[in-house]
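The values are calculated or read from the model by the stated rules, or taken from the named source; none is laboratory data. Everything numeric in this text was worked out from a predicted model, so none of it was measured. Note that we place each Cβ from the backbone using ideal geometry, even for glycine, and neighbour counts take in every protein chain shown. Areas reflect the complete protein model, heavy atoms only, side chains present, ligands, DNA and RNA absent. Shrake-Rupley method; radii C 1.70, N 1.55, O 1.52, S 1.80 Å.
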Amino acid sequence: MAWRFKASKYKNAAPIVPKAEACVREICVGSYQTYGNNIAASAAFMAFNWEHSGASVAVLPLDDCGRKSKTMPLLHGHTDTVTDLKFSPFHDGLLATASQDCLVKIWHIPEKGLEQSLSDPEAVFSHKQRRVETVGFHPTADGLMYSTAAGCVALFDIATQKEIFSNNEHPEVIQSASWREDGTVLATSCKDKCVRIFDPRAEGSPIQMLAESHQSIKDSRVVWLGNQSRILTTGFDAARLRQVIIRDIRNFNTPEKTLELDCSTGILMPLFDPDTNMLFLAGKGDTTINYLEITDKDPYLIEGLRHTGEQTKGACLVPKRALKVMEAEVNRVLQLTSNMVIPIMYQVPRKTYRDFHADLYPETTGYKTELIASEWLVGTNQPVPKMNLDPAKREHGDEPIIPRLGPKPFSSNTGDVSFDKVFAVPVAPGSHENISSVGQENCSETPTQGAKPDLIVEIEIKKNHEREPNVAGNGNGNGNGNGVQKSLTTSERRKIFEQNSESSENSTEGEDRTDADLRRFSAVRSSIAERRRVYESRSKSQVDEKAQSPVPLRRESSKVEPLKPSGNSNVIPSAGIDSKRISVPEGKLLEEHRRGNGAAGLKKSATEAAFSAASTKRTSTVFGKVSKFRHLKGTPGHKSTHIENLRNLSRQIPGECNGFHANHERVAVPLSGPGGKIAIFELSRPGRLPDGVIPSLVNGSNIMDFQWDPFDAQRLAVACDDGIVKLWRIDEGGLSEPTNAPQGELTAHLDKIYFIRFHPLAADVLLTASYDMTIKLWNLRTMQEMCTLTGHTDQIFDFAWSPCGKLGASVCKDGKIRVYNPRKSETPIREGNGPVGTRGARITWALEGHYIVCTGFDKVSERQISVYNAQKLTAPLNTASLDVSPSILIPYYDEDSSTLFVTGKGDSTIYCYEITDEEPYICPLSHHRCSSLHQGLSFLTKNHCDVASVEFSKAYRLTNTTIEPLSFTVPRIKSELFQDDLFPPTRITWSATLSADDWFGCNDKAAAKVSLKPEGMDTLSSIQQVPAAVKKPDHSQFASKSDYESNKQQEIQKSVSARMEYTTKLEQDEMEGVDENEWQE
C-alpha cells in the first residue's frame, strides 16, 4: 500500500493562464454539433473552426497572439460544417479536415502561414454521400490517414491519393477513434453503446473485440493510453451522468475503473500525454478543465489541480517538441472559446528554471519515420524513433526545434522533403497509368534530350540530395547551419523564372505533347520536373505562392463558397477537366479557348496565365471593388415629415409578408386585433395622429399579405387566410372612417394564401401562392384564372418576376430555387439548390435578369445572401454571411445602381451591397444604421427620387410608433450638376407597359426608358469635358511659374544666409578615423 502515497513528479503541475494580450482574441467561433474537438495543433500551427457555420478553418502560427480581423486569410474548402481536423504527426504543415459535405481534404500550410485564403486542397477524398465524423493520421506510418463516416472506417494513402481499406461493420455512427501508439490496432466508440478493438490488417472481420460501454447514445470519446494495453473512454451513463471508464484489452468486458462525475450536458474531451500519464478532461460548454494522473494500479485516476476560466468550445494538446522545456512546461492545452484561443501552460514548480530537468521529460516520440502506408498495410510494424528534449543533447542547443512543415507537391521549399515517402506525383487526370513510383532514388536523374527540365525543382532537388548526408547524420534533420535546406532567394528565383519564361515563349513542350509522348516509359517522363509539368497541365488543384514567386499561383479564393461562371454557360467542359475544381490559370485559358483564342491561349504556361490573372484582378480581389456608391449615405427625413403616434401595430403577420407597403401617395400598415384591419395613412398629411379609432380597411379574416398596385396608387390587394384576395380602392384624400366594402373579391384558392405579387410591366396581372403548393396567375380585368404553376413540394417562401416580365423565380422550403416561364410551362424550366435553412427566404433578380439574389438561413440559423447565375442554379457564385437573427432578410434591388438593400423586421441596420457580374459578386457598401428598430421598409419608384440632391433611392421606414422617410444619397462635390454617371436612363416601372391581354397573349414589349435629368440642369459629363481642352496648352505657363517661384526662393535663401554666420563643417570632420589595415583585420 505504500506505493499509493508515492509522490508524483507531476501532481503539483499548475495551470498558468497568460494575460489576454498573449491570447488569440476577437475570433468568431460558433457552437457545432460534431464529434470533433474543433481545434488542432502541430509544432508550428493551430487550426480551428471559424464563424457560426464552421465551414471555414482559421490557421495561425502556434505562438500567435493579439486581435484578429474577420477578414483574415482562411481555408475555404468545405460547403458545410467542418466536423474534425488533425495535423500530421510527421509534417507540421499537413492538415486534414473532415466535413458534413461528405469530403475529407488535405491542405498544405505554407511555412509563413496563410498569407491569403486558400480554397484548393492538395487532395480530396469522398465518403460517398455520408457525413464524415472523424479524421486523423496513423501514428507510425507516414502518409496514412483514417476517417469515419456513419458506420464506415476508411484508410487512405495520401501519396497515391487512394482508398486502401474500408469497412462498414459498425451498426451505428462511429463517434470516436484512437490508434494504439505502436499503430497496430484502432479503438472505436460507437453510438450503439459499444467500444471495439479494430485491426484493419486482420484476416476476416477486422473487429477483434467488443464490449458494452457507456449506456447512453449521446456523444462518447475513446483514447488509447499510449502503448499500454489499456484504453480510456468518456461518455454518459443511463442517468446522463458523465463517466470515465478505463479498460484493459486483456479483460475487455470488465471495466478496470469507472469514475462518475456530474450531470453536465457537454462531452468530456480526453487529452492524454503518454510520456507523463497526464490526462486533461475538457467538457464542451464547461468553464473548468480537470487534470488527472493515470496510474496502473488502484485508484487509477489521481486528481490534480483544476483550471477554471472561460467556457470551452474545443481543446487540444500541443506536441511535446513545441513546449518550453527550460521553463518546466510539461504540457500545454489550447482552449478554444467563443472569441479566444487561450494557451494554458502546465508547469511543474521547481526552485530554479536555469537547468533542464531531465526527470520531467522522458524521451518522447519523434517526428520522423521510415514506414509508409503501403508497407504498413502488408504487415510491417516499425516504431517511431524517440527523441530527447534536452537542449544540451539537441543539435542546436536550446533553440526551438525547427518545425517540419512537410513537402508541398512539386516544389521543395523546405528541408527534409521525401517525395517517395510522402507525396508521389498523382496520376494526371485523363491518363490510365499510375505513376506513384515517382520518388525513387533516381528521381533526380538528368532528363534526357527533348525533355525541358523545370529549373527550380531540379535545383532544389539537387540541393536536397547534396545535403542528404548531413541530414542523415543529425538528430532531427533541421537546423540553421548543417543539414537545413535553404530555399532559393528572390533574385535567384527571378533569374530562373525569366529564363523559363523566355524559353517557354518559343517552345510548346509539356503542354502540347500528345498523350503518346507522355507514356510511362517515355523519355520525357524521366524527371520529376516533367511529371510535374504533365500534372499541372491537367491537375484539379494548383499550388500558389506570392505574386512575385515563379511557383504557379493558386486561384484567388473568396471568403465564401466559390463557383465561377463560365463565359458561355452552354459550353460543356471537356472530359479531362473538372470544371468545379479548375484553377485560375486553367480557367482563364479555357475562357480564351471558348472565345476562339484557344490556339494561342493554351500555349501559354500556367505560370504566365496566373500572373496575368493576378494582375488584372488586383483591384477587386486585393483592395475590394471600387464603387461609385461605396460611401452611400442614408438620411432620415426631418421630423416634420414623420407620421407619429402609431398604435396597435400587428405582430402576427406571417413571415412571407413584408408587413409594410408604401407608394408615393400613401402607406398601408396592418393593425392588431380581430377583423384583419389595415390602416391607410396619407403621406401628404404628416404629423401626429389623433388619439382614438384609426380609420382602416376591415377584411374580416386574418391578413396573409397585401400589396399596392404598382400602376395605380389607389388600389390595394389584400390576401386573407380564407383563400380570398380583396381589392380595395382608396378615394382621393384617404380614409375617413373604417370600411368593410372592397371594390372586388377574388376567390383564388381553397386554402390559405402565402403571398401575392403584381406583374412589374403588365397591368391587372396578379400572382397568388397558396398552402396547396400551387401558384396561380389571374387577370384582374376579367377576374379569371389564366394559368397554374406546379412543382413545389413544400411551403413557398417567395416569388419574384424578372425585369423583362417573362420569367419568374421562386424559393421553397424544400431548399430549391425554381425558375418558371409561366406562359409556356406550368413546371419549372430550371431548378437548383437554395438556402438550406427552413426558417424563411426571399428572392429577387439582378443585373438585367442575368443573376438571382436569394436571402435565407444556413443550418445554424445564420443569415446569408447568395448570388446565383440565372442560367445555372447548381450552386451559388458567392454567399455572404451576416449574423444570427430570427428575422428574414427582405431584399430590395435598385437596378440602376445595382445596389441591394437588405434588412429584417426588428433590425436597426440596413445592409447595402453592390451586385456585380465578376468576383466576388457581392461587394459591401456603407451600411446604414438607424437610431431605432424598424418593423418594415418600403422603397418608392425611381421617378420620386430627388436627383438634384443626388438621391438615388428613397424609402419609408416603419417603426413601432412612427413612419419616416429615408433618403439614400451619394456624396458629390458638384451636387448642383446632374450626376449622369449615377443616374442612367431608367426603366419606367410606375406605369404599365402592356395590358394583361397582351401579356397573356405573349405580345411582349420592353419597358421604355426615361432620363431623370431635370430641365435646365447641366450634366456632370458635359461640364467635365470643357476644362480638359482648355487646360492642355497651359502646361508651359505653369512650368514657367514654378521656375520663377523656385528662383525667387533661392534668392531669398542667399540673402538670409549672407546676414547669418554659419559654417559648413560637420563635427565628425574633425574626428580621427581608423587605418585601412584595421578595417581589413
Mind checking which residues of the range 159-175 are under 11 Å from residue 193 (Cα atoms) and loosely packed, with under 15 Cβ neighbours inside 10 Å? 171, 172
Has the range 786-794 got at least one residue that is assigned to a loop (DSSP other than H, G, I, E, B) and open to solvent by less than 10 Å² (accessible area, probe 1.4 Å)? no
Output yes when any residue across the range 58-65 is modelled with pLDDT of 85 or more, aliphatic (A, V, I, L, M) and not in a strand (DSSP E or B), and no when none is. yes
I'd like to know if the range 91-113 contains one or more residues that are under 24 Å from residue 344 (Cα atoms), open to solvent by less than 10 Å² (accessible area, probe 1.4 Å) and among the acidic types (Asp, Glu). yes
Qualifying residues in the range 28-71 (those that are within 25 Å of residue 864 (Cα to Cα) and among the aromatic types (Phe, Trp, Tyr)) - the one surrounded by the fewest Cβ atoms within 10 Å (Cβ to Cβ): 32
Which residues, taken from the range 138-150, are of a type in the set (A, V, I, L, M), open to solvent by 20 Å² or more (accessible area, probe 1.4 Å) and either part of a strand (DSSP E or B) or within 17 Å of residue 87 (Cβ to Cβ) (or both)? none
So, in the range 701-719, how many residues would count as being among the small types (Gly, Ala, Ser) and either without any contact (Cβ under 8 Å) to a residue 12 or more places away in the chain or out of contact with any Cys (no Cβ under 9 Å at 6 or more places or on another chain) (or both)? 2
Would you point out which residue out of 275, 262 is assigned to a loop (DSSP other than H, G, I, E, B) and under 30 Å from residue 325 (Cα atoms)? 275
Run down 716, 767, 777 and say which single residue is touching a helix residue (DSSP H, G or I) at 6+ places or on another chain (Cβ under 9 Å) and modelled with pLDDT of 90 or more. 777
Quick check: is even one residue across the range 16-26 touching a residue at least 60 places away in the same chain (Cβ under 8 Å), crowded, with 21+ Cβ neighbours inside 10 Å and either among the small types (Gly, Ala, Ser) or out of contact with any strand residue (DSSP E or B) (no Cβ under 6 Å at 6 or more places or on another chain) (or both)? no
If you scan the range 715-759, which residues turn out to be surrounded by 14 or more Cβ atoms within 10 Å (Cβ to Cβ), part of a loop (DSSP other than H, G, I, E, B) and of a type outside the set (Asp, Glu)? 723, 730, 734, 735, 738, 742, 748, 749, 752, 759
Any strands (runs of 3 or more DSSP E) falling wholly within the range 893-1006 and containing at least 2 residues that are at pLDDT 90 or above and open to solvent by 20 Å² or more (accessible area, probe 1.4 Å): 909-915, 936-939, 951-958, 963-969
Which of (1) at negative phi; (2) surrounded by fewer than 23 Cβ atoms within 10 Å (Cβ to Cβ) does residue 153 not meet, given it meets every other one? (2)
Taking the range 294-316 and keeping residues within 29 Å of the chain's Cα centre (by Cα), open to solvent by 10 Å² or more (accessible area, probe 1.4 Å) and among the polar types (S, T, N, Q) leaves 311
Check the range 127-137 and report whether any residue there is at pLDDT 90 or above, part of a loop (DSSP other than H, G, I, E, B), open to solvent by less than 10 Å² (accessible area, probe 1.4 Å) and not acidic (Asp, Glu). no
Every listed condition ((1) open to solvent by 20 Å² or more (accessible area, probe 1.4 Å); (2) of a type outside the set (Val, Ile, Thr); (3) farther than 30 Å from residue 358 by Cα; (4) under 33 Å from the mean Cα position of the chain (by Cα)) holds for residue 319 save (3)
Complete set of residues in the range 134-149 that are within 25 Å of the chain's Cα centre (by Cα) and either among the aliphatic types (A, V, I, L, M) or more than 28 Å from residue 32 (Cβ to Cβ) (or both): 135, 145, 149
All conditions in (1) in a strand (DSSP E or B); (2) among the aliphatic types (A, V, I, L, M); (3) touching a helix residue (DSSP H, G or I) at 6+ places or on another chain (Cβ under 8 Å) are true of residue 159 except (1)
Selection within the range 760-775 - aliphatic (A, V, I, L, M), open to solvent by 10 Å² or more (accessible area, probe 1.4 Å) and in contact (Cβ under 8 Å) with a residue 40 or more places away in the chain: 763
Exactly one condition in (1) open to solvent by 10 Å² or more (accessible area, probe 1.4 Å); (2) in a strand (DSSP E or B); (3) not small (Gly, Ala, Ser) is not met by residue 886; state its number. (2)
Residues satisfying the stated conditions in the range 776-793, i.e. in contact with a Phe, Trp or Tyr (Cβ under 7 Å, 6 or more places away or on another chain) and in contact (Cβ under 8 Å) with a residue 40 or more places away in the chain: 779, 786
